[in-house]
Amino acid sequence: MARNHVAPCAYIWGFADTIRAGLEGRADPVFAFGHSCFNACSTYFFPGVLALRLPIGSMVLVLLGLWLYCARRLPAGWRAPQSTVLVATIFFLLVLMRGVPYGGIRHALPIVVLLSVFAGTAAQYAMASHSTRNRIFVAIAFGAAALSAVPVMRPWEHFNEILGGSSQAYHYFNDGAARASCGGDARALAASATDVSLTRSAQEIDSGFFRLFTHWAGFIESASSALRCASKRTCE
């Protein structure tokens, strides 16, 4: 790709670096289930990421779609394609669970797309039914998901309300994805620093500054390397 100038050198370098980091990880800490970890984390890290990142309304629709599939409540012609989607979802999730925690929700986005098929299945089932109650339920679920996710400018900064929403959840679960926001955590940290009623313990503040430092250091390192690669017009 570099030899044939398929794309600018910096983009090729970034593509190669993303693949390498996805397989080997980085020396960037993530905080999950009460522990900080680097290249190795809990097997349930990515299931936790999905549970905390997806809007609750969307998760309700996904679970309802899966129940409809398992209960065989859907048309027979839907079963084969949905079985393919389910197998692909499970396979991709198993690969992530056995890999490194780098990337967080950004590397789990293909699973989000696959799960949305089941959310759409639940919505279609409700809309095709003659029950007004089912239609109202789906509308409320979609509305709740929109109210939770739309106000967050960058989707990888979104957390659902299980741990207090996007403004608080990163104190308890940080999958490293917010580093791509170039300071998403910095805004929340700065806001909390100016709050005279701050009650967070000194240990939590220190860990917050440590995560903020590592996020910025990783971003600066990646940007500097990309600029050097672009200036030399060669990818090594």
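The values are calculated or read from the model by the stated rules, or taken from the named source; none is laboratory data. Fair warning: this is a prediction, and the values are worked out from it, not measured in the lab. When we count neighbours, we look across all protein chains shown, and the Cβ atoms used for this are built from the backbone with ideal geometry, even at glycine.
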Every residue in region 135-162 that is at pLDDT below 90 and either of a type in the set (Val, Ile, Thr) or under 28 Å from GLY77 (Cα atoms) (or both), please.
VAL150, VAL152, ILE162
Could you please find all residues in region 118-134 being exposed (fewer than 15 other Cβ atoms within 10 Å of the Cβ) and of a type in the set (A, V, I, L, M)?
MET127, ALA128
Which one is nearest to ILE105 (Cα to Cα), of the residues in region 22-62 that are modelled with pLDDT under 85, more than 16 Å from the chain's Cα centre (by Cα) and assigned to a helix (DSSP H, G or I)?
LEU23
Within region 163-183, considering residues that are in a helix (DSSP H, G or I) and under 15 Å from GLY104 (Cα atoms), the one modelled with the highest pLDDT:
ALA169
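Yes or no, residue by residue, for (1) touching a Cys at 6+ places or on another chain (Cβ under 8 Å); (2) assigned to a loop (DSSP other than H, G, I, E, B); (3) polar (S, T, N, Q); (4) surrounded by fewer than 18 Cβ atoms within 10 Å (Cβ to Cβ):
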residue	(1), (2), (3), (4)
ILE136	no, no, no, yes
ILE140	no, no, no, yes
SER148	no, no, yes, no
PRO151	no, yes, no, yes
PHE159	no, yes, no, no
Across region 99-130, which residue is farthest from ALA141 (Cα to Cα) among those that are small (Gly, Ala, Ser) and within 10 Å of the chain's Cα centre (by Cα)?
GLY103
TYR69: touching a Ser or Thr at 6+ places or on another chain (Cβ under 8 Å) and touching a residue at least 24 places away in the same chain (Cβ under 8 Å), yes or no?
yes
Within region 63-115, how many residues are on the phi > 0 side of the Ramachandran plot and either exposed (fewer than 12 other Cβ atoms within 10 Å of the Cβ) or at pLDDT 95 or above (or both)?
1
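Considering only residues that are part of a helix (DSSP H, G or I) and either under 14 Å from ILE111 (Cα atoms) or among the small types (Gly, Ala, Ser) (or both), which ones fall in region 68-81?
Step one: list which residues in region 68-81 are part of a helix (DSSP H, G or I), which gives 68-70, 76-81.
Passing the criteria: ALA76, GLY77, ALA80.
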Here is a check on your reading of the model: is ALA169 in contact (Cβ under 8 Å) with a residue 12 or more places away in the chain and touching a helix residue (DSSP H, G or I) at 6+ places or on another chain (Cβ under 6 Å)?
yes
